[in-house]
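A.B. asks: This is the structure, below, for whatever I ask next.
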Amino acid sequence: MSHSPEQHEPTFPAYGSYREAGRITALLRKETVGGMLLVGAAIIAIIWANSPWADAYAALRDFEIGYEPWHLRLSLGTWASDGLLAIFFFLVGLELKREFVEGDLRSFRSAIVPITAAAGGVLVPALIYTAIAAQRPELHHGWAIPTATDIAFAVAVLAIIGSHLPPALRIFLLTLAVVDDLLAISIIAIFYTERIEIVPLLLALAVIALYAVVAQRFRRFFSRRAAAAWCILLPVGAVAWALMHASGIHATIAGVLLGFAIPVLHRKSLRDEAAGAPGLAEEFEHRFRPISAGFAVPVFAFLAAGVPLGGVDGLREAFTHPLTYAIIIALVGGKPIGILASTWLTTKVLRARLDPELRWIDMVGVGLLAGIGFTVSLLVAELTFAPEAPEHDIAKVAILSASVIAAVLASLLLGSRNRRYRRIALRDSVDADDDGIPDVYQSAG
């Protein structure tokens, strides 16, 4: 039987990706609440930091607690960025592992498009920032600030405005954001580590290896008994985090590695399927996502986003500073350009194609959503500029402004697209086969 050349072209998302549509949609629904809490916490912080009680906010953020002999006497702001964000990055590592094992990143043909899109979405903003800040040497080290995408914020916006957008668009955004976070994590580990203590680093890696062995060997035990994971795996993970912190590498990297250590099964055993037992990775995601979305990330946003604006004069200074232009243009303009250009180039060079129901205008919307660089961008800004430097607060003003602009533009564009996709969404909801794939996709595949 002959096949047309078009039938052999790789597609992202692959038609098999629609098996994941239910899981991805459920994830986006959860992130909606987390995104609202994230935005609410940031708004409260900004209002408090610019109120007559601003000193109380600063005192709370700078209050130190912890065990000094272990070099863990840190301010609450540092505990949030180094400690609480480790929970967020644990879930990032977990999601990455699942994507590589059972998701769209398991195949080169389906993974190459979002990977190159994420790479373009990192490279182009960095180049734009560097070009604008070229004449200011003190700003050069901030090139990584506009390279990150905030998963929680971006998917929350998409979930709120995109009830009728096709699953392919949602899967693409989530996969893109996950790869983007992997790149951001790598940048933090490589370029924002001033010193490395070899002994604590080796000990941290050894403890993470022990964590992986225990999690793999007793995965069913931990899946069935939630208390066992809290009593055994959590203390081991905390030791790994403390050792990574002592090594000089940003402690959130430990969260990513611990997430990667959780076993993910490509196919469940027939016995597990019959019993309806979830895998350990799925179980941990179910347990920890509410903690991350409902507590860890909002608390970090609350302690990081409280920027004293200094009234009209302060805003005037911030919005005339080249750092602000560099960050806003790189996030709002650079992200869509990088993602769109790299995706187009990949489809031409590798003869890949997007899902038939997606249009390039949809990819512009995804690029704008990727320009929401809230959480990780704030983290990189804190790593880049000293708290007493004026650029520290200016960078945060720019990040907050860029995230709001990107969210509004994406909402306007994808909101209009959402209405056009209502008919497609109705068609997708009709009769599905036993494997859960809608007829329209199966016939197309």
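A.B. asks: Here is a check on your reading of the model: is T347 open to solvent by less than 10 Å² (accessible area, probe 1.4 Å) and polar (S, T, N, Q)?
C.D. replies: For T347, the condition - open to solvent by less than 10 Å² (accessible area, probe 1.4 Å) and polar (S, T, N, Q) - is not met.
A.B. asks: Can I ask one more? Name the residues in the stretch 78-92 that are modelled with pLDDT under 85 and farther than 25 Å from A177 by Cβ, would you?
C.D. replies: The answer is T78, and nothing else.
A.B. asks: Considering only the stretch 346-365, state which residues are assigned to a helix (DSSP H, G or I) and either over 24 Å from the mean Cα position of the chain (by Cα) or at pLDDT below 85 (or both).
C.D. replies: Matches in the stretch 346-365: T347, K348, V349.
A.B. asks: Among the listed residues A370, A330, A341, identify the single one that is open to solvent by 10 Å² or more (accessible area, probe 1.4 Å), small (G, A, S) and more than 18 Å from P390 (Cα to Cα). Write out each step before concluding.
C.D. replies: Values: A370 fails: open to solvent by 10 Å² or more (accessible area, probe 1.4 Å); A330 fails: open to solvent by 10 Å² or more (accessible area, probe 1.4 Å).
Going through A370, A330, A341 in turn, the sole match is A341.
A.B. asks: Given the criterion under 20 Å from A49 (Cβ atoms) and buried (at least 18 other Cβ atoms within 10 Å of the Cβ), identify the matching residue among G306, G365.
C.D. replies: Just one listed residue meets the conditions, G306.
A.B. asks: A further question on this structure: Could you please let me know if V213 is under 15 Å from G255 (Cα atoms) and among the β-branched types (V, I, T)?
C.D. replies: No.
A.B. asks: Now for a separate question. Does the stretch 294-343 hold any residues that are among the hydrophobic types (A, V, I, L, M, F, W, C) and at pLDDT 90 or above, and which are they?
C.D. replies: Just the residues of the stretch 294-343 that are among the hydrophobic types (A, V, I, L, M, F, W, C), to begin with: 295-297, 299-305, 307, 309, 312, 315, 318-319, 323, 326-332, 337, 339-341.
If the condition is that a residue be among the hydrophobic types (A, V, I, L, M, F, W, C) and at pLDDT 90 or above, then L323, A326, I327, I328, I329, A330, L331, V332, I337, I339, L340, A341 are the ones that fit.
A.B. asks: For the stretch 233-251: of the residues being out of contact with any helix residue (DSSP H, G or I) (no Cβ under 7 Å at 6 or more places or on another chain) and free of Cβ contacts under 8 Å to residues at least 24 places away in the same chain, which is nearest to S81 (Cα to Cα)?
C.D. replies: A238
A.B. asks: Give the number of residues within the stretch 53-93 that are farther than 23 Å from P200 by Cα and among the small types (G, A, S).
C.D. replies: Result for the stretch 53-93: 5.
A.B. asks: Tell me which residues, restricted to the stretch 99-133, are assigned to a helix (DSSP H, G or I) and modelled with pLDDT under 80.
C.D. replies: Across the stretch 99-133, the qualifying residues are E99, F100, V101, E102, D104, L105, R106, F108, R109, S110, A111.
A.B. asks: Next up: Identify, by number, the condition in (1) open to solvent by less than 40 Å² (accessible area, probe 1.4 Å); (2) under 19 Å from V364 (Cβ atoms); (3) at pLDDT 80 or above that G142 doesn't meet.
C.D. replies: Against the list (1) open to solvent by less than 40 Å² (accessible area, probe 1.4 Å); (2) under 19 Å from V364 (Cβ atoms); (3) at pLDDT 80 or above, G142 comes up short only on (2).
A.B. asks: Which of the residues spanning the stretch 42-94 are surrounded by fewer than 16 Cβ atoms within 10 Å (Cβ to Cβ) and either charged (D, E, K, R) or in a loop (DSSP other than H, G, I, E, B) (or both)?
C.D. replies: Of everything in the stretch 42-94, those that are surrounded by fewer than 16 Cβ atoms within 10 Å (Cβ to Cβ) and either charged (D, E, K, R) or in a loop (DSSP other than H, G, I, E, B) (or both) turn out to be S51, P52, W53, D55, D62, F63, E64, G66, Y67, E68, H71, R73.
A.B. asks: Hey, among the residues in the stretch 71-120 that are among the hydroxyl-bearing types (S, T, Y) and in contact with a strand residue (DSSP E or B) (Cβ under 7 Å, 6 or more places away or on another chain), which one's farthest from A184 (Cα to Cα)?
C.D. replies: S75
A.B. asks: Which of the residues belonging to the stretch 106-119 are open to solvent by 10 Å² or more (accessible area, probe 1.4 Å) and either farther than 26 Å from W360 by Cα or out of contact with any Phe, Trp or Tyr (no Cβ under 7 Å at 6 or more places or on another chain) (or both)?
C.D. replies: Matches in the stretch 106-119: S107, F108, R109, I112, I115, T116, A119.
A.B. asks: Looking at V404, V380, V408, V397, which one is exposed (fewer than 14 other Cβ atoms within 10 Å of the Cβ), at pLDDT 65 or above, of a type in the set (A, V, I, L, M, F, W, C) and within 23 Å of the chain's Cα centre (by Cα)?
C.D. replies: Exactly one of V404, V380, V408, V397 is exposed (fewer than 14 other Cβ atoms within 10 Å of the Cβ), at pLDDT 65 or above, of a type in the set (A, V, I, L, M, F, W, C) and within 23 Å of the chain's Cα centre (by Cα), namely V408.
The values are calculated or read from the model by the stated rules, or taken from the named source; none is laboratory data. Quick caveat: nothing in here was measured; it's all calculated off a predicted structure. Cβ atoms come from the backbone with ideal geometry, glycine included; neighbour counts cover every protein chain shown. Areas reflect the complete protein model, heavy atoms only, side chains present, ligands, DNA and RNA absent. Shrake-Rupley method; radii C 1.70, N 1.55, O 1.52, S 1.80 Å.
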